[in-house]
1. May I ask for the distance between the Cα centers of region A:8-22 and region B:20-66, given as a whole number of Å?
2. Hey, if you put +1 on the Cβ of every Lys and Arg and -1 on every Asp and Glu Cβ in region B:14-57, which of B:I49, B:T20, B:S38 ends up farthest toward the positive end of that dipole?
3. Taking the Cα centre of region B:88-162 as origin and charging only Cβ (+1 Lys, Arg; -1 Asp, Glu), how large is the dipole, in debye to the nearest 20?
4. What order do you get for B:E94, B:E162, B:E26 when you list them from fewest to most C-beta neighbours inside 10 Å?
5. Let a ≥ b ≥ c be the square roots of the eigenvalues of the Cα gyration tensor of the protein assembly as shown; is it rounded (a/c under 1.5), or, if not, prolate (a/b larger than b/c) or oblate?
6. From the phi of every residue in region B:98-105, what ³J(HN,Hα) in whole Hz does the Karplus formula 6.51 cos²θ - 1.76 cosθ + 1.60 yield, where θ is phi - 60° and glycine or proline is x?
7. Using θ = phi - 60° and the Karplus relation 6.51 cos²θ - 1.76 cosθ + 1.60, list the HN-Hα couplings for region B:18-32 in order, rounded to whole Hz, with x at every Gly or Pro.
8. Which one, B:L102, A:L58, A:N14, projects farthest toward the positive side of the charge dipole computed for the protein assembly as shown from Cβ point charges (K/R +1, D/E -1)?
Amino acid sequence: MQTAKQQWIDASLNALEGINQAEPTPELWGRIALNIQKKKVSVLSPYQVWIAAASILLLMFINGWVLNSLKGLNTKSKNSAYRIIELYELNPSNVELP
Amino acid sequence: MVYNTALSYVQNNEDAEEVTQDVFIELHRSLDSFKEESSLKTWIYRIAINKSLDYLKYRNRKKRMGILSDIFKKDSLEPAHHIADFEHPGVKFENKEKAKILFKAINTLPEAQKTAFILAKVEGLGNLQISEIMNRHVGAIESLLSRAKENLKRELGGFYKE
């Protein structure tokens, strides 16, 4: 025969029989919809991230290329300036002439 | 379904709503990656269970930190981290008191036993459905449920008042 304790334990173990589903407050669904909407605005798709990364790389490449071509231009104009100085013997005023 | 599952784990309305929110955001985020290897219901249950277990871990961590800070706080006289008795709104009136104790005992179960028991007794799912959700054989679920019942009986014995 079952003891009172054993009976109580068995009854407690079966306390969830016939349990109904619990429902959240109706406002929860509104909050969830709002949250999803917010995430939609702020989250970038992987495609967008790749496009952004590729654009940055392209900009860096163009920047480097333009800087390189400017460097060549500077050297060229410097060379022509020296040629003019030599040709017209334009010496600085602080250098004594022979 | 999602809220009810979360509520059985976290045993608090506000926390269950927070978990439910997380579940739906995760569902929305990863719906594209859903492969129809399992049913949508199984997939939703899996996410709900994982989010609930993650939330429990997070809450336990927070509780531990709270206890530590209480030790160093001299002026705290009352225990700030007492968990109130949980009353599931769907339990029949005549079972309310016993269900409160049962939920306390469920809290002490290991994760897998807890999941199997909640899915069987609160969600009312069959062993086959539980095995799909937990990705285990039906035999393993039967064994988990029988171990859960044994552990619960032992735990409930401690709550018995003569």
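Read-outs: derived from the displayed coordinates by stated rules, not from any lab. Everything quoted here is computed from the prediction, not taken from an experiment. No Cβ is skipped: glycine too gets one built from the backbone with ideal geometry, and neighbour counts run over all protein chains shown.
1. Using only Cα atoms to place each centre, the spacing works out to 26 Å.
2. Ranked along the dipole, the leading option is B:S38.
3. That gives region B:88-162 a dipole magnitude of about 240 debye.
4. B:E162, B:E94, B:E26
5. prolate
6. These are the phi-based 3J(HN,Hα) values: 5, 5, 4, 5, 4, 5, 4, 5 Hz.
7. 5, 5, 4, 4, 4, 4, 5, 5, 5, 4, 5, 5, 10, 4, 5
8. It is A:L58.
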